[in-house]
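The values are calculated or read from the model by the stated rules, or taken from the named source; none is laboratory data. These figures come from a predicted structure and were not determined experimentally. Quick reminder, even Gly has a Cβ in these numbers, built from the backbone with ideal geometry, and neighbours come from all protein chains shown. Each accessible area value is taken on the protein alone, full model and side chains, heavy atoms only, with ligands, DNA and RNA left out. Shrake-Rupley method; radii C 1.70, N 1.55, O 1.52, S 1.80 Å.
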Amino acid sequence: MSRAILLAGDSTVASCPAWEAPMSGWGAQLGAYAGEPVRNFAKGGATTASHRAEGLWAALLREVAPGDVVVIQFGHNDQKDPAIPYQDNLRAFVEEARGAGASAVLCTPVQRRRFDGDRLVPTHGDHPDRVRALAAAEGVPLIDLTAATTELYERFGPDGSKALFTHFPPGEHPLYPDGVADDTHFSFRGADEVAAIVAERLKEIIR
C-alpha cells in the first residue's frame, strides 16, 4: 500500500477555491513534486487551536495509516493571538500523529513578502524559533520554510517576487478586475516553487 502525505496548516498550505485562482497554497501543488498521494487538511485562517476545534485535525487522524507522513505548518494566524499555546499545540499534533503510526514533520511558517531594500523583513516574531526548538527537543524532522522562502524571495528580488504572489494591477486579471496586491498568498507559480522545496526536503527526510 502506498504511503500518503497528510497536511495540516493555514491558507499558505491550503487549496484555494477556483474563484480565487491563481491564488494557491503550496499544499495544493505538492503532489506533482512528491510523487505520492497528498491529502490536504489545511484551511484558510486556521490556527493550531482552530484546526483542532473545527474537527480538521480529527478528520486528518481518521485518514492516517501507519507509515504515512503528517506535515504541519502553522504560524501566520497563531502569531496574531498570543493566548494560543502555539508550541504546546504543535507538540500535541506531533504526539498524536506518531501515536497513529505516522511520521510527523514540522515546518516553520513561510515568509510574507515584505522587503526593506533588497532584504526581507521577518514578520513572524519568535514563532519560527519556537518550531525549531520543538523539533530539536522532540526529535522531529524540520523543514525550515522561513529560511527557505526568505532565500527564494530575495533571489527573485523586490519586484520579481511579485510573480510568486497574488499580485495584479487593475484590469489585468478577470477575477481581480480592480487589481490585488497580496503579499501573503501565493500565485500558482509561488506555490509551485515552495511545493518543490517541501518535496525535496521530504525526500531527504523519509527515504
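Under 5 Å between amide H atoms, partner at least 5 residues away or on a different chain: which partners does residue 39 have, H built in plane at 1.01 Å?
Placed amide hydrogens put 5, 6, 7 under 5 Å from residue 39.
Please check: in the Gaussian network model of the chain (C-alpha springs, under 10 Å), which one of 50, 187, 11 has the largest mean-square fluctuation.
Of the options given, 50 has the highest mean-square fluctuation.
Could you please put 112, 207 in sequence from largest to smallest accessible area, using a 1.4 Å probe?
Numbers: 112 30, 207 225 Å².
Most to least solvent-accessible, the answer reads 207, 112.
Go through the range 191-198 residue by residue and turn each phi into a ³J(HN,Hα) via Karplus (6.51, -1.76, 1.60, θ = phi - 60°); whole Hz please, and just put x for glycine and proline.
Per-residue couplings from phi come out as 4, 4, 4, 6, 4, 5, 5, 4 Hz.
Can you list the residues, at least 5 places off or on another chain, whose amide H is less than 5 Å from the amide H of residue 185, using H built in the peptide plane?
Under 5 Å from the amide H of residue 185 lie the amide H atoms of 166, each far enough along the sequence or on another chain.
For residue 80, which lysines qualify as cross-link partners when the Cα separation must be under 30 Å and same-chain residues fewer than eight apart are set aside?
Straight-line reach from residue 80, under 30 Å: 43, 162.
Tell me, what is the 1.4 Å probe accessible area of residue 203, in Å² to the nearest 10?
For residue 203, solvent-accessible area is about 110 Å².
What fraction of the DSSP beta bridges in the chain is antiparallel, stated in percent and rounded to the nearest 5? The partial results should precede the final answer.
Details: 7 of 22 bridges.
Within the chain, antiparallel bridges account for around 30 percent of the total.
Counting only heavy atoms of protein chains, what accessible area per residue, in Å², does the chain have with a probe of 1.4 Å? Don't jump to the answer; show the numbers that get you there.
Numbers: 9170 Å² over 207 residues.
Heavy-atom accessible area per residue stands at 44 Å².
If you plug each phi of the range 79-96 into the Karplus form 6.51 cos²θ - 1.76 cosθ + 1.60 with θ = phi - 60°, what whole-Hz ³J(HN,Hα) values come out, in order, with x for Gly and Pro?
In residue order, the calculated couplings are 5, 7, 10, x, 6, 6, x, 3, 5, 5, 5, 5, 4, 5, 4, 4, 4, 6 Hz.
Please report Rg (one decimal) and Dmax (integer) in Å for the Cα set of the range 137-202.
Spelled out, the Cα radius of gyration and Dmax of the range 137-202 are 14.6, 50 Å.
Among (i) 58, 37, 28; (ii) 50, 34, 33; (iii) 43, 38, 33, only one was calculated for this model; which label is it, if the read-out is Cα extents along the principal axes in Å?
It is the value labelled (ii).
Over the Cα atoms of the range 44-125, Rg to Rh with Kirkwood Rh, two decimal places? Please report the intermediate quantities before stating the final value.
Working: Rg = 14.6 Å, Rh = 13.9 Å.
Here Rg/Rh amounts to 1.05.
Probe radius 1.4 Å, ligands and nucleic acids ignored: give me the carbon and sulfur share of the accessible area of the range 96-207 as a rounded percent. It would help to have the intermediate numbers written out before the result.
Values: 2640 of 5270 Å².
The computed percentage sits at 50.
Compute and list, largest first, the equivalent-ellipsoid semi-axes of the range 1-101 from the alpha carbon gyration tensor, each √(5λ) rounded to a whole angstrom. Could the numbers behind the result be given before it?
Details: eigenvalues 85, 76, 19 Å².
Gyration-tensor ellipsoid for the range 1-101: 21, 19, 10 Å.
Could you pull out every residue, at least 5 positions away or on a different chain, whose amide H is within less than 5 Å of the one on residue 112? Hs are placed 1.01 Å off N in the peptide plane, and Pro or chain starts have none.
Long-range HN contacts for residue 112: 123.
Roughly speaking, what % of Cα-Cα pairs in the range 92-175 are separated by over 18 Å, rounded to a whole number?
Details: 1925 of 3486 pairs.
Above the 18 Å cut-off, the range 92-175 has 55 percent of its Cα pairs.
Can you compute the charge dipole magnitude of the chain about its Cα centre, using +1 on each Lys and Arg Cβ and -1 on each Asp and Glu Cβ, nothing else charged? Give it in debye, rounded to the nearest 20. Could you put the intermediate results ahead of the total?
Values: 20 positive and 28 negative charges, 86 e Å.
The dipole magnitude comes to about 420 debye.
Name the most mobile residue of 144, 118, 183, meaning the one with the largest mean-square fluctuation, in a Gaussian network model of the chain with Cα contacts below 10 Å.
Among 144, 118, 183, the largest GNM mean-square fluctuation belongs to 118.
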